[in-house]
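Please treat every number below as a calculation from the coordinates, not as lab data. These figures come from a predicted structure and were not determined experimentally. Neighbour counts are summed over all protein chains in view; Cβ atoms, including those assigned to glycine, are modelled from backbone coordinates with ideal geometry.
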Amino acid sequence: MNALQKVLVADDDAINRGVLAELLKPEYTVLLAKDGTQALERATRHLPDLILLDVLMPDMDGFEVLRRLRDDPRTADIAVIFVSGLGRPEDEAQGLKLGASDYIAKPFNATVVMARVALHLQMVRQRRMLERLAHVDGLTELANRRRFDETFEAEHALARRRGTPLSLALLDIDAFKQYNDHYGHPAGDRALRAVARTAAASVRGPGDLAARYGGEELVLLMPGADAATAGAVVDQLRDALGRLAIDHVASPVGPLLTASVGGATLLPGEDAAALFAAADAHLYHAKQAGRDRVVWRAAP
Ligand SMILES: Nc1nc2c(ncn2[C@@H]2O[C@H](COP(=O)(O)OP(=O)(O)OP(=O)(O)O)[C@@H](O)[C@H]2O)c(=O)[nH]1
């Protein structure tokens, strides 16, 4: 959490690199690059929070480095401050137009450089926090509906293109209205958080996502998982829920809190909405059949 933010200093002049590194070292993790090519390579490998980028460098100038950073989705959002001997207003304007956060003319003043670096790094932290808030459910800290929708669409497109499996499971806590009515809403919130933590811990595949779809309904997205693999994940999740042993004396199902799950694995040519609808329909069947069970769409 408190790891130092990373600043990459790219300058072909060893003295400038050294001065900036000495200035920044007490507060940040400093990476160095002596030309444009090295700057790109280090930026891609280490994903710094901020780059102090010289404009005039022999192999590739700073403007070109910035263009290439912006072209690569991995580095497109890295904040860049030009530190340049080119002090004309049109140079500064060009740098800012290319997407730099700031432009500092050489010779620079150490205090001003530090203040601007601190300011831009603070903006980076704030932007990340906003991005996180926009994609995380506040109560459960799972991915929220928006993040699920975006990820589902992308993973569905990928699975169809590659012909790889994609499984989806909808989980709904049983008799949650009665739980709230009996134990109170704050206790309901705690139970929901416990179920969410268990769901998050149960999906471990690369690209797997546990999200809060809404209310007391969670969704598990499992790219690469066929029906057997996804079914095993869901069984483990239900076992883990059982071990939580949350009392629910008002439940028609049994003395403990339970959940119903509906699942489906992508059929060839099926669109994302149809896959979701299938999982939802099977969740409905699970509820109808008495709750506390998994109903997975049969393979064709
Ligand atoms: N405590 C709490 N309750 C919530 C939250 N979101 C939704 N709920 C409650 O979840 C309950 C869902 O009720 P229903 O849709 O009737 O479902 P159910 O009682 O679980 O019944 P079945 O799904 O048929 O087993 C409602 O009482 C909602 O108020 C939340 O964030 N916190």
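General remarks:
- Using a Förster distance of 25 Å, the FRET efficiency for Lys97-Leu47 (Cβ separation, nearest 0.05): 0.55
- Lys-Lys pairs in the chain that are eight or more residues apart or on separate chains and whose Cα atoms lie under 25 Å of each other come to 10.
- Charge context of Ala175, other residues only, Cβ under 12 angstrom, K/R +1, D/E -1: -2
- Counting Lys and Arg as +1 and Asp and Glu as -1 over every other residue whose Cβ lies under 13 Å from the Cβ of Leu220, the net charge comes to -2.
- Interchain or long-range residues, amide H under 5 Å from His248's placed H: Leu256, Leu257
- Taking Cα centre as origin and charging only the Cβ of basic (Lys, Arg, +1) and acidic (Asp, Glu, -1) residues, the dipole magnitude of segment 145-296 rounds to 260 debye.
- Cα-based helix-to-principal-axis angle, 62-71 vs the chain, degrees rounded to 10: 10 degrees
- Couplings 3J(HN,Hα) of segment 146-154, computed from phi: 4, 5, 4, 4, 5, 5, 4, 4, 5 Hz, in residue order, whole Hz [Karplus 6.51 cos²θ - 1.76 cosθ + 1.60, θ = phi - 60°; x for Gly and Pro].
- Residues in segment 85-104 reached by a label modelled at Gln122 [backbone nitrogen below 20 Å; 7 Å Cα→Cβ]: 101-104
- Where the Cα pairs of the chain fall when distances are cut into 20 Å bins, in %: 29, 36, 29, 6
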